[in-house]
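Trainee: Handing you a structure now.
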Amino acid sequence: MMKNVLLLIPRYRTYGFDGHYVMPMGTLYVSAYLKRSGAAHVTTLNLNHHEGEECDILADVINHGNIDIIGFGGLSGEYQDLARMARYARAVNPDITLVMGGGIVTADPETAMRAIPEIDYGIIGEGERTIVELVEALTGNTDVHQVDGLIFRDHQGALIKTANRKEIHDLDSLPFPDYEGFNYGEYLIKNPDMSDEGKRYSQVSVIGGRSCKFNCTFCFHPSGTKYRQRSLESIFKEIDWLTQHYDISYIALREELFATDNERVRDFCKRIEKYDIDWSIQLRIDNVNQELVNLLKNTRCRYVFVGVESAVNKILKSMHKGITVEQIENALEMLHLAGLNSRSGVIMGDTMETAATAEETIAWFLKNHERYRMFLDMIIAFPGSIIYNRACKDGIIPDKVQFLKDGCPIVNLSLMTEQDFLRMMNIVEKYNYRKYNYKNYRNGNNIRQSPKSFDIVD
């Protein structure tokens, strides 16, 4: 008998600064793929758009839909939301099968399964094909050991990993995300993007590619290690569908290496002209050139997001960024002179960061952040990243499960003393308008002191 599957988006309690949440596009892709396969009866639920107690809503959907399997997922920083869903679902039906995917599993599968013991199956890597094969195996009572990309427990409770799932080469073969299944129209209304002038934009994210061919130490890509692009034909078919079904005023093209090919950029700019929408892209600093800038400045490209990270070449090298401060300054000025709105971030606390390099970067930031609209942030050792693995090896993160449960807090990865590190963090908080969750595991407690800032800051 065909299984009844519920695909769930938790009610997020870890919202951004403006109270909005980011739609988890991976879940929408998995839903669309599972529905197209016909392998299960699929119900979808976005708890962010339902009033009332989460547990009551979930219980009602599970009971009325005779749900056999619940699938959900997210990033490591969303542990609390995901763990809460698992507990609620298990309380409603102790025999229900719980499947979790996303970055939280892919980054460190064993840790994720131990941190949320209610989970029966974890999906490692891209989830579209894996969820279909898993559902088919559970429906036919066949051997789940033959399904690639899984982690689960045997009868003795030991964790078992199956063979690695091959990445999806042809992204055009995937159906468009299941926007309608997760109340995307309501999402657009409740989560408008705000411009600097206070204008409200109905913003939709379109995934133009997956993964990245670079290996920055602070980054982790749950979609695999091989960079793949969708064709522009596929992208614009999706844009056509979106503009026909929703009142779209702004498209954020999510593709980290969009501008590696100027010809692709030229073609995109030409095609996007027919739509009454603004748009934004992500660029690497070393992809910014005058030809590219000239292509963009005559379009409705509202934002160009670039990663700066540091103003010290030694730190950039340590991060494996593959760029220099000179390239950063040239690129930012080129975008500025062209009248393009750039957005760029500086992240502090690299493994080679010292008080001297921190002061140098902060001084550079204070000089340039208004002109180039930059923001300061702290580096986070997200599971799966190079710096996370190094922090675990060095004992900075002695307990992976506890680190995940703590919400992936800031830890001192640098060469700085605790006092200097806290001084730096206080400055970052001043310009980022937030307080970080900081943890010193070696001392066994959170430290929230307010030492004097660096001399260069009032």
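Just so you know, all these numbers are worked out from the coordinates, no wet-lab data involved. Just so it is clear, the structure is predicted and the values come from calculations on it, not from any experiment. Please note: Cβ atoms are built from the backbone with ideal geometry, for glycine as well, and neighbour counts cover all protein chains shown.
Trainee: What is the calculated FRET efficiency for Val401 to Met2, with r their C-beta to C-beta distance and R₀ = 30 Å, to the nearest 0.05?
Mentor: On the way: r = 36 Å, r/R0 = 1.20.
According to the calculation, E is roughly 0.25.
Trainee: Another one. At 1.002 mPa s and 20 °C, plugging the Kirkwood radius over alpha-carbon pairs of segment 220-304 into Stokes-Einstein gives what diffusion coefficient in µm²/s?
Mentor: Details: Rh = 13.8 Å.
The calculation lands on 155 µm²/s.
Trainee: On to the next question. Could you sort out which of Lys367/Lys439; Lys3/Lys166; Lys237/Lys321; Lys367/Lys435 sit more than 27 Å apart by Cα distance in this structure? Show your work: numbers first, answer last.
Mentor: Numbers: Lys367/Lys439 30 Å; Lys3/Lys166 25 Å; Lys237/Lys321 34 Å; Lys367/Lys435 23 Å.
Beyond 27 Å between Cα atoms: Lys367/Lys439; Lys237/Lys321.
Trainee: Relative to the compact globular guide of 2.2 N^0.38 Å, what is the alpha carbon radius of gyration of the chain, as a ratio? All intermediate terms of the calculation are to be shown ahead of the outcome.
Mentor: Numbers: Rg = 22.7 Å, N = 458, 2.2 N^0.38 = 22.6 Å.
Working it through for the chain, the quotient is 1.00.
Trainee: If you scale each eigenvalue of the Cα gyration tensor by 5 and take the root, what three semi-axes come out for segment 3-161, rounded to whole angstrom and sorted largest first? List each step's numbers first, then the result.
Mentor: Numbers: eigenvalues 101, 65, 49 Å².
The three semi-axes for segment 3-161 are 23, 18, 16 Å.
Trainee: So, in Å, what gap is there between the alpha-carbon centers of segment 64-95 and segment 299-361?
Mentor: The distance from the Cα centre of segment 64-95 to that of segment 299-361 comes to 39 Å.
Trainee: Can I ask one more? Isolated Cys in the chain by the 4.7 Å beta carbon test?
Mentor: Cys55, Cys212, Cys269, Cys301, Cys392, Cys408, each lacking another Cys Cβ under 4.7 Å.
Trainee: At 222 nm, what helix-only mean residue ellipticity would the chain give, in deg cm²/dmol to the nearest 500, using -39500 (n - 2.57) for each DSSP H run of four or more? Intermediate values should be presented prior to the final figure.
Mentor: Working: 16 runs with 169 residues, N = 458.
Here the helix-only value at 222 nm equals -11000 deg cm²/dmol.
Trainee: Please report, in cubic angstrom per residue, the volume enclosed by the convex hull of the alpha-carbon atoms of segment 192-432. Numbers along the way, then the final one.
Mentor: On the way: hull volume 34.0 nm³, N = 241.
Dividing the Cα hull volume of segment 192-432 by its residue count gives 141 Å³.
Trainee: Counting C-alpha atoms alone, how compact is segment 297-354: give Rg to one decimal and Dmax as a whole number, in angstrom.
Mentor: 12.9, 42
Trainee: Counting pairs of Cα atoms in segment 100-191, how many percent are more than 15 Å apart?
Mentor: On the way: 2733 of 4186 pairs.
Percentage above 15 Å: 65.
Trainee: For all pairs of alpha-carbon atoms in segment 324-388, what percent lies in each bin of width 10 Å, listed from the first bin to the last filled one?
Mentor: Whole-percent P(r) values from 0 Å outward: 18, 46, 28, 8.
Trainee: Counting other beta carbons within 10 Å of each Cβ, put Met319, Met352 in order, fewest first.
Mentor: Values: Met319 24, Met352 17.
By the 10 Å Cβ count, ascending, the order reads Met352, Met319.
Trainee: Moving on. Using alpha carbon centroids, what distance separates segment 132-156 and segment 245-278, in Å?
Mentor: Computed from Cα coordinates, the inter-centre distance equals 40 Å.
Trainee: Let me check against my output: what whole-number percent is the relative contact order of the chain, with C-alpha pairs under 8 Å and at least 6 apart?
Mentor: Working: 794 pairs, mean separation 54.0, N = 458.
Relative contact order here is 12 percent.
Trainee: What order do you get for Trp241, Trp364, Trp279 when you list them from fewest to most C-beta neighbours inside 10 Å?
Mentor: Ranked by crowding around the Cβ, least crowded first: Trp241, Trp364, Trp279.
Trainee: Binning at 10 Å from 0, report for segment 343-423 what percent of all alpha-carbon pair distances ends up in each bin.
Mentor: Histogram of Cα-Cα distances, whole percents per bin: 17, 44, 29, 9, 0.
Trainee: What's the extension gain from Lys435 to Glu167 if we count 0.36 nm per residue and subtract their Cα-Cα distance?
Mentor: Values: separation 268, 0.36 × 268 = 96.48 nm, distance 3.76 nm.
Taking 0.36 nm per residue and subtracting the Cα distance, the gain is 92.7 nm.
Trainee: Sticking with this one: Two-decimal Rg/Rh of segment 43-125 from alpha-carbon positions, Kirkwood Rh?
Mentor: Numbers: Rg = 12.4 Å, Rh = 13.0 Å.
Here Rg/Rh amounts to 0.95.
Trainee: I would also like to ask the following. Could you give each residue of segment 109-122 its phi-based ³J(HN,Hα) in whole Hz, using Karplus coefficients 6.51, -1.76, 1.60 with θ = phi - 60°, and x for Gly or Pro?
Mentor: x, 4, 5, 4, 5, 6, 6, 10, x, 5, 6, 8, 9, x
Trainee: I need Thr324, Thr130, Thr260 ordered by Cβ neighbour count within 10 Å, fewest first.
Mentor: Values: Thr324 14, Thr130 24, Thr260 17.
With the fewest neighbours first, Thr324, Thr130, Thr260 line up as Thr324, Thr260, Thr130.
Trainee: At a threshold of 8 angstrom on Cα-Cα distance, excluding pairs fewer than six apart, so keeping six or more, what relative contact order does segment 3-161 reach in percent? Intermediate results must be reported in sequence, preceding the final value.
Mentor: Details: 249 pairs, mean separation 36.5, N = 159.
For segment 3-161, the relative contact order is 23 percent.
Trainee: Using alpha carbons only, what's the Rg to Rh ratio of segment 10-90 with Rh from Kirkwood? Walk me through the intermediate numbers first.
Mentor: Numbers: Rg = 13.2 Å, Rh = 13.8 Å.
Answer for segment 10-90: 0.96.
Trainee: Taking the Cα centre of the chain as origin and charging only Cβ (+1 Lys, Arg; -1 Asp, Glu), how large is the dipole, in debye to the nearest 20? Could you put the intermediate results ahead of the total?
Mentor: Details: 52 positive and 62 negative charges, 121 e Å.
For the chain, the charge dipole is close to 580 debye.
Trainee: With a point put 7 Å past each Cα toward its Cβ, work out how far His155 is from Thr324 in nm, to one decimal.
Mentor: 6.4
Trainee: Out of residues 5 or more away from Met348 or on other chains, whose amide H comes under 5 Å of its own, with H placed 1.01 Å from N in the peptide plane?
Mentor: Asp377, Met378, Ile379
Trainee: Moving on to the next point. With Rg and the Kirkwood Rh both taken from Cα atoms, where does Rg over Rh land for segment 242-350?
Mentor: Values: Rg = 15.0 Å, Rh = 14.8 Å.
A ratio of 1.01.
Trainee: A follow-up question, please. Tell me, what is the percent relative contact order of segment 342-429, built from C-alpha pairs under 8 Å that lie six or more residues apart? Present the calculation step by step, with values, prior to reporting the outcome.
Mentor: On the way: 91 pairs, mean separation 33.8, N = 88.
Averaging sequence separation for qualifying contacts and normalising by length gives 38 percent for segment 342-429.
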